[in-house]
Amino acid sequence: MNYLDFLNARVSVRNFDSDYVIDASIIKEIVKNAANAPSSNNFQPWKVIAIVNKEKQAKLREFAFGQRQVETASVVFVIFGDLELYNVDKIMNFNLNKGIINLSDLESKSHRVQAYLKMHPEDASIEGLKFDLGLFSMNLMHAVRAFGYDSVPMRGVDFKSVMDYLNIPNHYEPMLLLPVGKASKAGNPHIRYELSEFFQIIT
């Protein structure tokens, strides 16, 4: 399978083998690879919780209007954004410690990011958070498939109840529920608008 075939073969799967267990080390590797997703100024404003306890998954199913895949999945990722991670000092120190920038570049790089955020404050608000978490979530879905599993992104969830049940910090912004597991039934094939309906080339 070439790269395009692999990417295009991703579909939303809602039927999982409820007895299949994904090892915790594999779950960590999936998320680690997903974190290579791009984000605004490399802020990486994501937080991820993996639920593998069937009792807890059954409770999450209640908050997801009874959708079966939440309980039968091997793991349910709950994906949050953290606005507090849009912190210029924190990311500059991270870049410095990782050798991404030199000490001599620190001040100018910091000023550049601050100037950018002054011009586009929405990128450090809920609007930017949704964009960055969308990039991360798509990368996570591809990482899931690279390890031989499938997933289905879910927004039809009572996230307030999820946060209360899991005792999630109030400043986290819930974005997505992602059940993941070994498919017991294939998802539906893609049916999309024709290219001419949404694309043009300007010469």
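Just so it is clear, none of the values below were taken in a lab; they were calculated from the coordinates. Note that the structure is predicted; figures quoted are calculated from it, not measured. Don't worry about glycine lacking a Cβ; one is built from the backbone with ideal geometry, like all the others, and counts go over all protein chains shown.
Quick query: amide H of I51 versus all other amide H atoms, modeled in the peptide plane; which residues come in under 5 Å with a sequence gap of 5 or more or a different chain?
V76, F77, V78
Which length gain, in nm to one decimal place, applies between R192 and K32 when the Cα-Cα distance is subtracted from 0.36 nm times their residue separation?
Details: separation 160, 0.36 × 160 = 57.60 nm, distance 3.09 nm.
So the chain would gain 54.5 nm between R192 and K32.
Which distance in nm do the two modelled labels at H120 and H171 give, with both placed 7 Å along the Cα-to-Cβ direction?
2.4 nm
Mind checking which of I126, I51, I100 has the largest fluctuation in a GNM of the chain, springs on alpha carbons under 10 Å?
Highest fluctuation among the options: I100.
Through the Karplus equation 6.51 cos²θ - 1.76 cosθ + 1.60, θ set to phi - 60°, convert the phi angles of region 195-201 into ³J(HN,Hα) values in whole Hz; use x for Gly and Pro.
Along region 195-201, the couplings run 3, 5, 7, 9, 9, 8, 10 Hz.
If R0 is 30 Å, what FRET efficiency do you get for F199 and R155 from their C-beta distance, rounded to 0.05?
Working: r = 26 Å, r/R0 = 0.85.
My answer for the efficiency is 0.70.
Full extension from S108 to M138: what is 0.36 nm times the residue separation minus their Cα-Cα distance, to one decimal in nm? Walk me through the intermediate numbers first.
Values: separation 30, 0.36 × 30 = 10.80 nm, distance 3.23 nm.
Value of the extension gain: 7.6 nm.
Out of S161, F77, A183, whose Cα points farthest toward the positive end of the dipole of the chain (charges: +1 Lys, Arg; -1 Asp, Glu; placed on Cβ)?
A183
Running a GNM on the chain with Cα contacts under 10 Å, which residue among N42, N167, N33 ends up with the highest mean-square fluctuation?
N167
Beyond 30 Å between alpha-carbons counts as too far, so tell me which of K109/K130; K56/K90; K28/K54; K56/K182 fall in that bin. Show your work: numbers first, answer last.
Numbers: K109/K130 25 Å; K56/K90 34 Å; K28/K54 19 Å; K56/K182 19 Å.
Distance filter (> 30 Å) returns K56/K90.
Using each residue's phi in region 75-83, evaluate 6.51 cos²θ - 1.76 cosθ + 1.60 at θ = phi - 60° and report the 3J(HN,Hα) Karplus result to the nearest Hz, with x for Gly and Pro.
Per-residue couplings from phi come out as 8, 10, 7, 10, 10, 10, x, 10, 4 Hz.
State whether region 19-61 is rounded, prolate or oblate according to the following rule on the C-alpha gyration tensor (a ≥ b ≥ c being the square roots of its eigenvalues): a/c under 1.5 gives rounded; otherwise a/b larger than b/c gives prolate, and the remaining case gives oblate. Before the final figure, lay out each step's value.
Working: a/c = 4.26, a/b = 1.85, b/c = 2.30.
Taking the square roots of the gyration eigenvalues as a ≥ b ≥ c, region 19-61 is oblate.
Are there chymotrypsin sites (Phe, Trp or Tyr not before Pro) in region 139-203 that DSSP puts in a loop and that have at most 14 other Cβ atoms within 10 Å, and which ones? List each step's numbers first, then the result.
Details: sites: F147, Y149, F159, Y165, Y172, Y193, F198, F199; in loops: F147, Y149, Y193, F198, F199.
Sparse-neighbourhood loop chymotrypsin sites (Phe, Trp or Tyr not before Pro): F147, Y193, F198, F199.
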